[in-house]
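One structure is given below, encoded as structure tokens.
The values are calculated or read from the model by the stated rules, or taken from the named source; none is laboratory data. Since we're looking at a predicted model, the values are computed, not measured. Heads up, the Cβs are rebuilt from the backbone with ideal geometry, glycines too, and the neighbour counts pull from every protein chain shown.
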Amino acid sequence: MVDNKRDESDPKLSAADQKFEKRIRYIDLCADTLGFIGTQLIMRRFDVQRVMASRDIQAYLERSGDRLKYIHKLKGYIPQDNFKPLQKTLSN
């Protein structure tokens, strides 16, 4: 599992890890502000393939537990009632 307390400013992170952490924060932001996150949003924002976007969402789900729920009709995830942004949780 990835160390949750690292961020892109950590000089120990590789460039790939920094990009990954940026995508994880984007997932958190979208879920919190838009109330939705799907692979298409990540693909467009970061110019990555669907496989990479799916892996990022899965990594986020591993970190966050059951805070997001997949809605097949929307082809994406919405925040559950117990949702709290991961970044706020990590800073506490």
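Go over the candidates D56, D32 one by one and state the one that is of a type in the set (D, E), surrounded by 16 or more Cβ atoms within 10 Å (Cβ to Cβ), assigned to a helix (DSSP H, G or I) and at pLDDT below 95. Write out each step before concluding.
Numbers: D56 fails: at pLDDT below 95.
Being of a type in the set (D, E), surrounded by 16 or more Cβ atoms within 10 Å (Cβ to Cβ), assigned to a helix (DSSP H, G or I) and at pLDDT below 95 holds for just one of D56, D32, which is D32.
Output the number of the condition that R67 fails; it satisfies all remaining conditions of (1) crowded, with 16+ Cβ neighbours inside 10 Å; (2) over 11 Å from I27 (Cα atoms); (3) in contact with a helix residue (DSSP H, G or I) (Cβ under 7 Å, 6 or more places away or on another chain).
For R67, the failing item is (3).
Within the range 33-89, can you find the residues that are over 16 Å from R23 (Cα atoms) and in contact (Cβ under 8 Å) with a residue 40 or more places away in the chain?
G35, I78, P79, F83
Those residues that are touching a strand residue (DSSP E or B) at 6+ places or on another chain (Cβ under 9 Å) and among the β-branched types (V, I, T), I need them from the range 36-85; list them, please.
Once the filter is applied, which keeps residues that are touching a strand residue (DSSP E or B) at 6+ places or on another chain (Cβ under 9 Å) and among the β-branched types (V, I, T), the range 36-85 yields I37, T39, I57, I71, I78.
When residues of the range 35-46 are filtered for being surrounded by 16 or more Cβ atoms within 10 Å (Cβ to Cβ) and among the polar types (S, T, N, Q), how many remain?
1
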